[in-house]
Amino acid sequence: MKIFSIIFISFLLLSCGTTVNYDYDKETNFTFFKTYNYFSDLDSGLSELDNKRIIKATDSLLALRGFIKSETPQFLINFFAKEGATRPKNTIGIGVGSGGGNVGVGVSGGIPIGGNVIEQQLTLDFVDTTKDELIWHAVSNGEIKEEASPTQKDKHYNKLLNKILKGYPPKK
């Protein structure tokens with residue numbers, strides 16, 4: 001029984017969190033691409049502060065992999081997000097019940113724990129500058145608390161972009 005509990009808890013922990021889906025051009029030779037920059041007209045749908053966080057995290061992670069930010073890049077990066085606030089999934093249940101004589105009556109309700117959560121879908125596109133064609137595309141789905149501090153947002157975007165960029169360049 002103890003082993004079953006450990007397996008069940010492990011499954012729950014692994015199934016939660018950010019998911020990332022990738023797509024890419026199979027005909028593209030990704031070893032050619034070494035320099036990058038961002039589209040000059042980014043319209044991410046996020047705040048300017050969040051844009052800076054994403055750019056800083058992306059620059060840091062790409063630099064670790066040997067990519068160079070350039071004024072004459074081989075590929076351009078575009079990103080945008082869709083967001084929606086939801087109520088927290090965790091609640092405390094309260095119930096009142098009575099029964100007797102094969103008759104039962106009960107009333108229950110849930111009180112949400114914590115603040116609202118923002119469900120965020122972040123999309124990253126890499127575009128070949130010579131062909132002006134999309135070569136790599138990633139879509140992530142994750143959550144961040146609505147009242148997250150700047151430090152928590154920094155950590156969120158670093159973790160999120162690290163997970164996204166694990167798929168670039170694609171493994172054939």
Considering residues that are out of contact with any Phe, Trp or Tyr (no Cβ under 7 Å at 6 or more places or on another chain), of a type outside the set (S, T, Y) and under 16 Å from K163 (Cβ atoms), the number found within region 46-67 is 3
Residue pairs qualifying under the 6 Å Cβ cut-off, at least six apart or on distinct chains, with the first in region 20-34 being farther than 30 Å from E119 by Cα and the second being part of a loop (DSSP other than H, G, I, E, B), are F30/P169; F33/Q74
Counting only strands (runs of 3 or more DSSP E) entirely within region 71-172, those with at least 2 residues that are modelled with pLDDT of 85 or more and either surrounded by 13 or more Cβ atoms within 10 Å (Cβ to Cβ) or in contact with a strand residue (DSSP E or B) (Cβ under 8 Å, 6 or more places away or on another chain) (or both) are 75-86, 117-128, 133-145
In region 148-172, anything over 15 Å from D50 (Cβ atoms) and more than 15 Å from the chain's Cα centre (by Cα) is listed as Y168, P169, P170, K171, K172
With the first residue restricted to region 137-158 and required to be among the β-branched types (V, I, T), and the second required to be modelled with pLDDT of 90 or more and loosely packed, with under 14 Cβ neighbours inside 10 Å, Cβ contacts under 6 Å at 6 or more apart or on different chains are V139/N21
Filtering region 35-48 down to residues that are loosely packed, with under 10 Cβ neighbours inside 10 Å and not charged (D, E, K, R) yields S40
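Could you grab me the full set of residues in region 19-59 that are assigned to a helix (DSSP H, G or I) and in contact with a helix residue (DSSP H, G or I) (Cβ under 9 Å, 6 or more places away or on another chain)?
Residues of region 19-59 that are assigned to a helix (DSSP H, G or I), as a first pass: 30-32, 48-59.
Those that are assigned to a helix (DSSP H, G or I) and in contact with a helix residue (DSSP H, G or I) (Cβ under 9 Å, 6 or more places away or on another chain): L49, D50, R53, I54, K56, A57, T58.
Among the residues of region 61-78, write down those that are free of Cβ contacts under 8 Å to residues at least 40 places away in the same chain and touching a helix residue (DSSP H, G or I) at 6+ places or on another chain (Cβ under 8 Å). So that I can check it myself, show each step before the final result.
Keep residues of region 61-78 that are free of Cβ contacts under 8 Å to residues at least 40 places away in the same chain, which gives 63-64, 66-72.
Residue satisfying the conditions is K69 alone.
The values are calculated or read from the model by the stated rules, or taken from the named source; none is laboratory data. Note that this is a predicted model, so its numbers are computed, not measured. Cβ sites come from the backbone with ideal geometry, for glycine too, and all protein chains shown count toward neighbours.
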